[in-house]
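This report refers to the structure that appears directly beneath it.
The values are calculated or read from the model by the stated rules, or taken from the named source; none is laboratory data. Please read all numbers here as calculations on a predicted model, not as lab measurements. Cβ placement follows ideal geometry from the backbone for every residue including glycine, while neighbour counts extend to all protein chains displayed.
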Amino acid sequence: MRTALLRLRRSTGLPVAFGGLLDGGGPLRIAELTGAATGALRGLAIRSGNGLGGRSMALSRPCAVADYPQARHISHEYDAAVAAEGLRSVVAVPVVVGRAVRGVLYGALRQPLALGDRVLDAAVAAARDVEQALAVRDGTEAAIAAVREPPGGEPGAWEAVREAHGDLRALAPRITDPALREELLEVCARLAGAGGGRPAGPAAALAPRELDVLSCVAGSATNASAAARLGLRQETVKSYLRSAMRKLGVRTRLEAVTAARRAGLLP
């Protein structure tokens, strides 16, 4: 959140940015501020539907006002804190992960000016950064929990692990932060090793995209659905799959998945 707010200020020139994440079933609390002159906004509890941020949460879309105290389409429960900070023009963008609102980012001016599309686009981009980070955190926590508590004889337990592995493999190429992407891939490797297969030797080593495709195939994905999930063309998926089968020394999709599991490449 802090990094996204700093990016928002740099990319827009807005002097103030702040935001927070929802914690369980309670209200959102403003926890991060940059450029603020007072502490009036810190800890403010934002409820869905209330104020500009609450309206953004309720509608699951960005909302902006050119002059907060005079805005008629929002409620004014937070006017005292906004006035104490001297804010007038404000934009609020929800952070949405899996269709659930998880937080709100705000950017603000101390003058009553209309915010243009460039500012709104930058605010949305900053919110997307937070969404991506939360999606990675959620998936990583679930994957680590699966590794710490390897499934026993419970029906379908390994399928849940394999599904988590496939989700993380599909997510990794979209991560722009190299360190975060590497951390995610390390978790994927731990998940793959939890299946008890032997570590792959040089001959069985697959390229990252070949392993991504096999992860989808292991989850019964068709070439078309694997392509949509990975952002690839169907012909590209087929090419990766053929290459993986050749390296593994097999002839069918099922044999490729089985061989990859035995080699410790898939859970």
Next item on the list: Kindly list, by first and then second residue, each pair from a residue in segment 128-140 that is within 18 Å of PRO94 (Cα to Cα) to a residue that is among the charged types (D, E, K, R) and assigned to a helix (DSSP H, G or I), limited to pairs with Cβ atoms under 8 Å and residues at least 6 apart or on different chains.
Entry: ASP129/ARG7; GLN132/ARG174
Item checked: Any hit, segment 44-51, residues being modelled with pLDDT of 95 or more, polar (S, T, N, Q) and under 27 Å from ARG137 (Cα atoms) -> no
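What do you reckon, is PRO62 surrounded by 15 or more Cβ atoms within 10 Å (Cβ to Cβ), over 17 Å from GLY103 (Cα atoms) and at pLDDT 95 or above?
So PRO62 fails the test.
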Next item on the list: Take segment 233-261 and flag every residue that is buried (at least 19 other Cβ atoms within 10 Å of the Cβ) and within 20 Å of ARG174 (Cα to Cα).
Entry: VAL237, TYR240
Note to self: Give me the residue from segment 41-67 that is touching a helix residue (DSSP H, G or I) at 6+ places or on another chain (Cβ under 8 Å) and in contact (Cβ under 8 Å) with a residue 40 or more places away in the chain and, out of that set, nearest to ALA122 (Cα to Cα).
What the structure shows: PRO62
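Taking into account only those residues within segment 170-212 that are β-branched (Val, Ile, Thr) and closer than 22 Å to THR236 by Cβ, which is modelled with the highest pLDDT?
ILE175
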Notebook entry, point to check: Of these, GLY49, GLY25, GLY43, which one is closer than 24 Å to THR3 by Cβ and either assigned by TED's automatic domain parsing to the domain that holds ALA114 or in a loop (DSSP other than H, G, I, E, B) (or both)?
Noted result: GLY43
